[in-house]
1. Could you please report the charge total around residue B:28, scoring K, R as +1 and D, E as -1 over all other residues with beta-carbon less than 12 angstrom from its beta-carbon?
2. In whole Å, what is the distance between the alpha-carbon centres of the stretch C:78-153 and the stretch A:148-187?
3. Taking just the alpha carbons, could you work out the radius of gyration and Dmax for the stretch B:1-151, both in angstroms?
4. With no solvent and one equal point scatterer placed on each C-alpha of the stretch C:61-155, evaluate the Debye formula and give log10 I(q)/I(0) for q = 0.19, 0.20 Å⁻¹, two decimals.
5. I'd like the mean, over residues of B:18-24, of how many other protein chain beta carbons sit within 10 Å of each residue's own Cβ.
6. Go through C:162, B:182, B:263 and say which Cα lies farthest out towards the positive end of the charge dipole of the protein assembly as shown; charges sit on Cβ, +1 for Lys and Arg, -1 for Asp and Glu.
7. Expressed as an acute angle from 0 to 90° and rounded to the nearest 10, what is the orientation of the C-alpha long axis of helix A:91-101 relative to the principal long axis of chain A?
8. Per q in 0.10, 0.15, 0.16 1/Å, what log10 I(q)/I(0) does a Debye calculation on the alpha-carbon atoms of chain B return?
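Taken together, the values in this text are just the output of simple stated rules run on the coordinates, not laboratory data. These numbers were taken from a predicted model, which means no experiment stands behind them. Cβ sites come from the backbone with ideal geometry, for glycine too, and all protein chains shown count toward neighbours.
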Amino acid sequence: MKIRLDNVVKTFDTFRAVHGVSLDIESGELLALLGPSGSGKTTILRMVAGLEYADGGHIYFGTEDATDIPVRERGVGFVFQHYALFPHMTVSENIAFGMKVSKVKRSPEAIRKRVEELLALVQLSGLGERFPGQISGGQRQRVALARALAVDPRVLLLDEPFGALDANVRRDLRRWLRKIHDELGITTLFVTHDQEEALDLADRVVILDKGTIVQQGTPEEVCRNPENAFVMRFLGDANSLPATIRDGMAYVQDVAYDAAGMADGTAEVLFRPADVAWREDGHGVPAQIVRVLDRPDSRRVLAKTTGGQSIEFDTAPEFPHRKGEAGFIDIRRPRIYKNG
Amino acid sequence: MAKHLSGRRPPRIGDAPNFRRALIGIVLFFVAVVVIAPLAVIASHAFSKGLPYFAAAIAEPDTRHAIMLTVMTALIAVPINTAFGIAAAWAITKHDFPGRRLLLIVIEIPFSISPIVAGVSYLFVYGLQGLFGPVLEAAELKIMFALPGIVLASMFVTAPFVARELIPLMQAQGRDLEEAATSLGASGWRTFFTVTLPNIKWALLYGVVLCNSRVMGEFGAVSVVSGNIRGQTNTLPLHIELLYHDYDAVGAFAAASILATLAVITLVVKVALERQGAGRRSRPASLAGNDSLSEVKP
Amino acid sequence: MKRRVLPGLPLSLGITLVYAAIIIVLPLIALVFKAASLGPADYWRIISSDRAVASYVVTISCAFVATVFNLVFGLALAWVLVRYRFPGRRIIDALVDLPFALPTAVAGISLTTLFAVNGWFGGPLSALGIKVAYTPLGIMIAMAFTSLPFVVRTVQPVLEELDPTLEEAAQTLGGSDLSIFARVVLPLLTPALLAGVSLSFARSLGEFGAIIFIAGNQPFETEITALLAFIRLEEYDYPASAAIASVMLIAAFVMLAVTNLLQARALRYTVRN
């Protein structure tokens, strides 16, 4: 099922949560809505589900205008951040709930069989008689997924699905969710504030800030070509140095970087900690080492430019230099963004 | 084309407009019948013969005596129960000792027991037929059918009121503050007055107000132990019964209006205190059944 | 490490135990003692006399009806107060506690006046052929009035705290309002409802002041057990009064045990994360 958002707007009281968002989600795609809190990503998800109504614009499921279809008729599977499992029902009863209340009558035998299938799919066979309070967080999340899948939804929506879990459990569940998605091929939309999760899991990432889409693309596209400073910063650690653009060149102190096609004015040069080489002499921005931190697989160097800017970069564990030494930072892959 | 109103929310269950209106209508109807009508009927009858007649009914010597006796009972019973409530809450929430749960159950017993049973029980302690009856008679001490009996019966029915407000609150607040204060060298009394009391004052006041309301209005238990001697051992609620059975409706309702006014004031104070965070929100139906109280702290 | 012990245990526990012993426990022991002094045969004869049994039937059946009314009405009232916003909601919320604040004698004469044949409600009702005052119906109304707040006040906080995502989850799964209420909301409210119901029933069994005015107090018809205990006392038949009061005491303890049991069950699904 292809989902299309056309200029969707949502306002809470006076707060505009979503400003005219348009977005196409291809059939069978696994798409991440990524953004900081307050970026409107959960609101968009809830509007697709019908748990909020859009104040403007349209949401299409295929060719059908689903904007005003009530949630219970929309045919979505929704997985809540804190699972929202019914605490008084067993795991099996939770999974069977959607089939029991459905207008499509199924025999108890058919329901039981489907529950068994879903338990096997989420690798929880044998735990059907437990109550949600008796299983772990990761298991609860899988029950929530099975429950959402039980109604054969047209689209699967997940709100921060791994937000409440430990780091190791998250990584396992992430890979596992990808596998399930590949098996079922269901159009899936999930919300996260964790860029690693989005990049790890999604076919396509939509990055949101203050209720608008700031960039969308494959993980490769957004990583290799962040279109603005916000995306650059949001996707990972970034150093920033002020620059001035003159005649198609960006100058950081006396060092020039190619800025072809950019108008004259102030700008900032952003770069990843991994994209720095330390030179004892020669090309680069002059700086002094402030501290050296050791990590299992690398060293992180904290330095200060002669212009007074703090920067951090990663080096091999063999990096020989010490606190107090002066040198030059050579920036590979600088990204230059105009201010304002 | 859909109408797009700002802040439009999908309906939660039971939000269908007709259902909502019907349910509110039914509920308001019953509240009017059950709660508002009794208040209205009191006012209507108390003033049915005009204000001067009402004033005269209130000023009638037996009524005045009943008011005095009720106030006197409250002045004795409420402070004693308050002290008991504070002591019980301090012992139960700030210390560990075997039998805490049993003690909680005992403190709450009066809530479960008919006031009549309470009154009858007191008779079998201090009455002529009771355990101490012969001793008391020999010593010429009169407890039953006198003020002490009325006070004792009132204390029984309201014994849990203050403790019931304080215990869940003080349990939730834990012991850290008191432990910090005593580790800094504060005495027990100083710790209580400067650290504990400021944090429980609204709940304490809440309990005291409810306790007072019940003491002044208690009928069943007091009815057994007072002997209903007009102008002597008749509290206000008993006096209302007497006037009512004498077919003095205006007198009965005039006296009732005093207690009804007290009830309304109690409700107003209660709401004000609930705004300060005191009251029912955190209160379990039964203290002893509250799991957090039975948890053994490491 | 031994945990630091706060001061004041001997004093506070001393006061508590002495007070609880003298004020609460001693009278109940005296009552049991008095009832026990009767001997099994006499005791049984008194508590199983026709008039006593009739009073149990009146009391229990009226308390049952009053409690069922309060179950339905209390749930509706709690729902309206929590889920809907309308003018006057806060006042209604405060007025719910009036039955606890209003002295029972005052409630008794007010309800009797309202429901007497010449009263505001009694008049129209008797025109319809329904007599309330001095009938079991009057007892039920008095019981329902005095125990009205219990169900509301036990259900209200649970309803307020009910996780809205449970309802949303049920909606995304296609549940109708009715099926979500029946399968999700009601089961989650059940422990609170049962606790409220048992408190309400216990209160109705023991209520005296509000009932005696409206009941008519005819033996075998509208005489409640509490009144019978009182009447025996006025007849100076102390052992009989003690026996009947002891039956009420036992009933109260049974209800107390039931309430605690239900509350323990209420925590059965509680998950601590």
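1. Working: positive: B:21, C:89; negative: none.
Around residue B:28, the charge tally is +2.
2. Answer, in whole Å: 54.
3. Cα radius of gyration and Dmax of the stretch B:1-151 are 26.6, 93 Å respectively.
4. These q points yield log10 I(q)/I(0) values of -0.97, -1.03.
5. 3
6. B:263
7. So the inclination is approximately 70 degrees.
8. -0.73, -1.20, -1.27
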